[in-house]
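Beneath this line is the structure, given in structure tokens, with notes to follow.
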Amino acid sequence: MPELQQLHADHAPAVLAFELANRAYFAASVSDRGDDYFDRFTERFNALLAEQETGLCAFHVLVAEDGSVLGRFNLVDLEDGGADLGYRLAQHATGRGVATTTVLELCRLAATRYGLRRLRAATAHENIASRRVLVKAGFVMVGPADPAALGGRAGVWYQRELTFRP
């Protein structure tokens, strides 16, 4: 059974393999990370770990039993009881409720581990699968998203109030 784990240094090779294997798939619905991301992966990965140490972000990976990464699920800009949620799931893991289950688990962690009261997530209009995940996970549409937040794509913000108690 896959396990949601907080990102740590040992995840680097599996995260890189995940990003490379799914690059074309992700580029169809979100902006491509670009060659520079992969050329400077170690530097960027270490910067994420340093940013996580500040407490302003909480990065997670969904790890399969074989140690491979099935998805990335992140909370960014943790402040004032809220955070922004971002996620991406490997193409071979889609369509089985994995993203919805993991987003629900992250909602629980957001409330119980990080003390958050609300999450929001932006998704492009054409990213129907992501929109479905958010709705199934209890998010509601709250308004248009600035295309800059979505790599130049038009989209909407969704929000969920968290009611879990530690």
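The values are calculated or read from the model by the stated rules, or taken from the named source; none is laboratory data. Nothing here was measured: the structure is a model prediction, and the numbers come from that model. When we count neighbours, we look across all protein chains shown, and the Cβ atoms used for this are built from the backbone with ideal geometry, even at glycine.
In this structure, does Ala28 turn out to be small (Gly, Ala, Ser), out of contact with any Gly (no Cβ under 6 Å at 6 or more places or on another chain) and over 23 Å from Gly151 (Cα atoms)?
Considered against the rule, which asks whether it is small (Gly, Ala, Ser), out of contact with any Gly (no Cβ under 6 Å at 6 or more places or on another chain) and over 23 Å from Gly151 (Cα atoms), Ala28 comes out as no.
Mind telling me which of the residues Gly82, Gly55 ends up being under 26 Å from Arg118 (Cα atoms) and either of a type in the set (Asp, Glu) or surrounded by 13 or more Cβ atoms within 10 Å (Cβ to Cβ) (or both)?
Result: Gly82 is the single residue among Gly82, Gly55 that is under 26 Å from Arg118 (Cα atoms) and either of a type in the set (Asp, Glu) or surrounded by 13 or more Cβ atoms within 10 Å (Cβ to Cβ) (or both).
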(request) Could you check Thr100 against (1) at pLDDT below 95; (2) under 16 Å from the mean Cα position of the chain (by Cα); (3) within 21 Å of Glu3 (Cα to Cα); (4) surrounded by fewer than 19 Cβ atoms within 10 Å (Cβ to Cβ) and say which number it fails? (result) (1)
(request) Residues being small (Gly, Ala, Ser), loosely packed, with under 14 Cβ neighbours inside 10 Å and touching a Phe, Trp or Tyr at 6+ places or on another chain (Cβ under 7 Å): count how many of those fall in region 112-143. (result) 1
(message) Here are the criteria: (1) surrounded by 13 or more Cβ atoms within 10 Å (Cβ to Cβ); (2) in contact (Cβ under 8 Å) with a residue 40 or more places away in the chain. Tell me which single one Ser31 does not satisfy.
(response) (1)
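Go through region 133-166 and give me each residue that's of a type outside the set (A, V, I, L, M, F, W, C) and part of a strand (DSSP E or B).
Applying the first criterion (of a type outside the set (A, V, I, L, M, F, W, C)) to region 133-166 yields 136, 138, 143-144, 146-147, 151-153, 155, 158-161, 163, 165-166.
Matches in region 133-166: Gly143, Pro144, Gly155, Tyr158, Gln159, Arg160, Glu161.
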(message) Just to check your reading of the model, which residue among Gly115, Gly143, Gly95, Gly152 is in contact with a helix residue (DSSP H, G or I) (Cβ under 9 Å, 6 or more places away or on another chain) and at positive phi?
(response) Gly95
(request) Identify all residues within region 94-132 that are more than 27 Å from Asp32 (Cβ to Cβ), assigned to a loop (DSSP other than H, G, I, E, B) and of a type in the set (Lys, Arg); write none if there are none. (result) Arg113, Arg117
